[in-house]
Structure formats: C-alpha cells, structure tokens
1. Scan the range 24-34 and give yes if some residue there is in a helix (DSSP H, G or I), modelled with pLDDT of 95 or more and open to solvent by 70 Å² or more (accessible area, probe 1.4 Å), otherwise no.
2. From the list Lys262, Lys173, Lys227, pick out the single residue that is among the basic types (Lys, Arg) and either within 23 Å of Asp315 (Cα to Cα) or touching a His at 6+ places or on another chain (Cβ under 8 Å) (or both).
3. Name every residue in the range 307-338 that is closer than 23 Å to Tyr411 by Cα and acidic (Asp, Glu), in order of residue number.
4. Which members of the range 114-135 meet the condition of being in a loop (DSSP other than H, G, I, E, B) and within 26 Å of Arg407 (Cα to Cα)?
5. Determine which single condition Thr371 fails, assuming it passes every other condition in (1) in a helix (DSSP H, G or I); (2) open to solvent by less than 40 Å² (accessible area, probe 1.4 Å); (3) among the polar types (S, T, N, Q); (4) at pLDDT 85 or above.
6. Those residues that are without any contact (Cβ under 8 Å) to a residue 12 or more places away in the chain and open to solvent by less than 20 Å² (accessible area, probe 1.4 Å), I need them from the range 336-368; list them, please.
7. Please give the number of the condition Thr124 fails out of (1) surrounded by fewer than 18 Cβ atoms within 10 Å (Cβ to Cβ); (2) in contact with a Phe, Trp or Tyr (Cβ under 8 Å, 6 or more places away or on another chain); (3) of a type in the set (S, T, N, Q); (4) under 24 Å from Pro202 (Cα atoms).
8. Does Val312 satisfy the condition of being touching a residue at least 40 places away in the same chain (Cβ under 8 Å), under 30 Å from Ser152 (Cβ atoms) and open to solvent by less than 70 Å² (accessible area, probe 1.4 Å)?
Amino acid sequence: MGKTRHMLKRHAMIIAMGLFASASALAQTETTGQAGPKPVTPAAPKAAIATPASTAESRMAAALALTHEPTYDEGTAQRIKDAALSYSDLAVRGGWPAIPADAKFTLGVQGANDDILRKRLILTSDLAADKASGAFDQDLADAVKRFQARHSLAPTGMMTPRTLAAMNVTVQKRIRQLEASLERLENTNFSFGQRYVVVNIPAAFAEAVENDVVVRRYRVIVGKTEKPSPTLTAQITGVVLNPTWTVPSSIAKTEISAHMRKDPTYLSRMHMEVLDGHDNPIDPHSVDWSGTHTPNFTVRQQNGTFNALGAVKIDMPNSYSVYMHDTNQRNLFSDDYRFDSHGCSRVDNVRDLAAWLLKDQPKWTRAAIDTEIATGQHLEVAMAKKVPVAWIYLTAWMTKDQTIQFRNDVYNQDEQLLEATAEEAAFFSNAGNHPLTAHMAQ
C-alpha cells in the first residue's frame, strides 16, 4: 500500500508539473509570440529500408541503422517522466489537430490539408517550426518518415491509412501510454551490466547492449495475445546448440493430444518421443490422448532441422520457464506483426546473438558455432560470465537523443494497469473519509 501511495503522489506530481510548465510556456507565448521552448530543427532521418530485408543479417543491419540508443538503460524512467511532462504541456494547449480521414496528400501537389499535417508534425518535433506552410514537399515527406519510424511504421514518407490512424491518436492516450510504461518500469528490478540483453515485447525487438550502446538489434517473435510473453529479469547462463525441445505440459495436453487423436503417426512424423517421469521412453499408444486428464508424461522433440527451437537455445532460468531461441519457421521474421509464439522469444539471426554472448570465450566464434551446429550434435555451452536479460513491456519511451517512441499496446496492458490505478486511487480516497481506514491513506 505504501507503493500505491507513492504511485498516486507521482501521478499528481506529473500533472502538477505539467500544469506549471504549461503556465510558464503560455506566459512566454504572450511575451515572445512563441509557444514553449525554442524549437530545435530535427536531424535528418537516417537511412531506412521501406521493404522487408531478405536475410537475417540485412534485417539486423536495417534495424541497427535506425538508432544505436538503447530502449532500456538506467536513465529510461527519468526520460519517460520528461516525455510525459512535455506531452502534458501539449495537452493543456489543446493537443494536436486531427487529420481528416478523407485527406489526400501527394508529393509536389498542393493539398487542402497540407498545413494541418505540417502543424501536427511540428508539435511533435518531426518537422521544423519554420516549415509551417506549403505544399507536400520533400521536407514534409521526410517529417512523415520521422513520425513513421517513431511508431514502427514503414518509413515511406507517404500518408498511409496506418500512418493517418497513428497521427490521430490523441495526446491524452499517448500520455497514458507513457504513464503506464513508467509504472511498469518502476516496478522492474534490473541490474544493468556492461553487457545486457533487452526484449521489448510491444516492439518485437531484442537489443544487445554493450557500454550503453546497442551493438546488435534483432527482430523477435513473442507471445500471441492469448499466450502473452511475460515481463521478467534473469541471467543468461548458457547457449545450447542443436537443442531438443521438451514440450510444455499445457501444449502436450491440448495441441499434441489433439494431433494424436486425429493422426496417431503425428509424434513419429515430428520426431517426438513420449517419456515417463524418469525420462524413459514409453509407447505413445499407451497414453490417454483424450485430453480429459492432466498429462503424466513428457513429450520431447529430438534435435534437427525439424525442431521447433531451431539450432540454438539461449538458457535464462526464470519462474516462467521461457527462453530465447531459434526457429524452423524463419520466414515469420519478415512480418511486421510478430506476436505468434506461446510465450518464448524466437530471435532472428540468433547465431549472431549466440556469438556475441560467448565473445568472452575465444573458441566460440560465429564460424565455430556454425561448424558445431553442422555436426548435428547436442551441445550445451556455459557462459563464462552470465549476462543480465530483461523482457519489458514499454509501449512508450524516450531515448537519449530525445526521440519519443510509441508502439501498439498488443496485450492491452496499458488500459488494464491504468484502470487498476484508478480503482486504487478511488479506494484510498474513500478510505481517507472513513474513521476505521483513514490511517491507510496516510
């Protein structure tokens, strides 16, 4: 309950500071004719690839080219607070204008809504303040690209329906995303090291951070909305080459059982075996596959090209029994929507990540890892020094270069968290008026 009181005070402080900042900015407007701090001309966007890259290496290079700034470091929480204050200031001013749903924009052609679009982009620093009017030119297209990159949209510079929808999300909702992300982050206890790994679930990306710089960034496939990946902190303890896959009991009871009822040869076709409590093989035909009983057996898939974990598994012991791994369905990494696992994180170009994790052991170069995988032999390589890993859920954050990023709330956790916060606030407000519970609100 002490944490709740702290949380409510913090939200009140953000609101109060936002109002103070707004009042100061409005006073400045009256005296100088300029609203808020002096705008800084945004830097030109870095090169971005509009179409999905064709290889794991090129996809990683394209993702890393966007920025080397970590999503999560020791200053992230404070920067999210700063971003929330900035957007609170915008909210007091009335937010940003909505772009008409039927608006048309064509490069080089004057349109009826070009100036509205310019105003919208100036307010979020995607466009320089001195570009407030004019036809849809290259400057405006570049500003659209900046906006798209900040919202994980293909940076085409064209006003696509998804881009229009993202621009018309209200400033109030963006503030809620920042507040919810901050709340989750402040409840995360993570020990940053010189090297660490972060998976931001809503962004569906993993970052390998070294000396406060992202040196690797990979597309990942995380949990489906009905099987969400958990938030957690752990230590990476080892890399498994040519891993076997022990099927979680929930999957064995539902999916494997369903397959076996339809096709009794399913297990053999999938190179799976059924084991008893002592890891001894048992006859699959002796198992009750009706799905009405909790499985009292284990299903394990042999290692190989058919294995669901692919060629690499990254061990990171945790209470959720999830981990990072390769996949035999690498085509899925080309998709923008990458929420398709049962909770684990499949990593694009995972062999590169494995080599980075094992860099303290000169024997395990990328070439050596590839050679060992080619043998087909199962091998567990322990880390010489464990590497911290965090799976986080940030739908909004600000990097050190002051770029504010937003992602879709795929698991609907923002609204759920804020609704719970509102209920707690109401409880403590009512408790303060009741003689028997007044002490709880102190």
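The values are calculated or read from the model by the stated rules, or taken from the named source; none is laboratory data. Computed from a predicted structure; not experimentally measured. As a convention, Cβ positions derive from the backbone with ideal geometry for all residues, glycine included, and neighbour counts pool all protein chains shown. With ligands, DNA and RNA removed, areas are computed over all heavy atoms of the protein, side chains included. Shrake-Rupley method; radii C 1.70, N 1.55, O 1.52, S 1.80 Å.
1. Initially, the range 24-34 is screened for residues in a helix (DSSP H, G or I), giving 24-32.
Checking the rest, the ones that are also modelled with pLDDT of 95 or more come to none.
No, the conditions are met nowhere in the range 24-34.
2. Values: Lys262 fails: either within 23 Å of Asp315 (Cα to Cα) or touching a His at 6+ places or on another chain (Cβ under 8 Å) (or both); Lys173 fails: either within 23 Å of Asp315 (Cα to Cα) or touching a His at 6+ places or on another chain (Cβ under 8 Å) (or both).
From the options Lys262, Lys173, Lys227, the qualifying one is Lys227.
3. Scanning the range 307-338 gives Asp335, Asp336.
4. Of the range 114-135, the ones in a loop (DSSP other than H, G, I, E, B) are 124-135.
Scanning the range 114-135 gives Thr124, Ser125, Asp126, Leu127, Ala128, Ala129.
5. (2)
6. Hits for the range 336-368: nothing passes.
7. Of everything listed in (1) surrounded by fewer than 18 Cβ atoms within 10 Å (Cβ to Cβ); (2) in contact with a Phe, Trp or Tyr (Cβ under 8 Å, 6 or more places away or on another chain); (3) of a type in the set (S, T, N, Q); (4) under 24 Å from Pro202 (Cα atoms), Thr124 misses just condition (1).
8. Working: touching a residue at least 40 places away in the same chain (Cβ under 8 Å): yes; under 30 Å from Ser152 (Cβ atoms): yes; open to solvent by less than 70 Å² (accessible area, probe 1.4 Å): yes.
Yes.
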